[in-house]
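Each remark here refers to the structure printed beneath this line.
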Amino acid sequence: MRVLGHYCNRSRATSHLCKLIAQARGEHVDRTPAVAVAERTHFSKLSQPVRTEILARYQQGERVIDLAAAFGISEWSVQNLRKRSGLEPHPRGMSAESIAQAIELFSEGLSFIKIGKRVGFDPKTIAKALRARGIAT
């Protein structure tokens, strides 16, 4: 305050701000959205045949990230479509068949990296699954 001296007038600025707040409280503002909610979502921009194709490919086992890239939409849009249609999410982690294949390849002497490329999982996921079963150390 001392630096600014008489150039700073807090009381005047405060009273002006209080007047603006009182004026704003007295006014009614109609806040109806300009666009309906259903029209705002990216999901609604997809045509029915495209939605059907996305769901069919998802049920065949295609990953969400791959579907999003193929159709030029976000992963959220694919997940939202899946949820709205009532489909269950893909199981996480390795299936019993993938683990059995990884065990077989590990017993043949392949590295986690090579097993991961063949089975389609990250090498760390392969290592974690094999260590959990006491096969790898």
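The values are calculated or read from the model by the stated rules, or taken from the named source; none is laboratory data. Keep in mind that this is a model prediction, so the values were computed, not measured. Note that each Cβ is placed from the backbone with ideal geometry, even for glycine, and that neighbours are counted across all protein chains shown. Side chains included, ligands, DNA and RNA excluded: accessible areas come from the protein's heavy atoms. Shrake-Rupley method; radii C 1.70, N 1.55, O 1.52, S 1.80 Å.
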**OP:** Consider only pairs whose beta carbons are under 6 Å apart and that are at least six residues apart or on different chains; among these, list those whose first residue lies in the range 68-88 and is of a type in the set (Ser, Thr, Tyr) and whose second residue is open to solvent by 20 Å² or more (accessible area, probe 1.4 Å) and at pLDDT 90 or above.
**Re:** Ser85/Leu55
**OP:** Being in a loop (DSSP other than H, G, I, E, B) and not small (Gly, Ala, Ser) is the filter; apply it to the range 52-83 and report the residue that is farthest from Gly120 (Cα to Cα).
**Re:** Ile73
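Would you tally the residues in the range 17-43 being modelled with pLDDT under 60 and of a type in the set (S, T, N, Q)?
1
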**OP:** Might you let me know whether the range 113-125 holds any residue that is of a type in the set (A, V, I, L, M), touching a residue at least 12 places away in the same chain (Cβ under 8 Å), surrounded by 13 or more Cβ atoms within 10 Å (Cβ to Cβ) and part of a helix (DSSP H, G or I)?
**Re:** yes
**OP:** Determine which member of the set Ala96, Ala129 is among the aliphatic types (A, V, I, L, M), surrounded by fewer than 15 Cβ atoms within 10 Å (Cβ to Cβ) and under 30 Å from the mean Cα position of the chain (by Cα).
**Re:** Ala96
Original post:
Among (1) surrounded by 16 or more Cβ atoms within 10 Å (Cβ to Cβ); (2) farther than 21 Å from Tyr58 by Cβ, where does Arg82 come up short?
Top reply: (2)
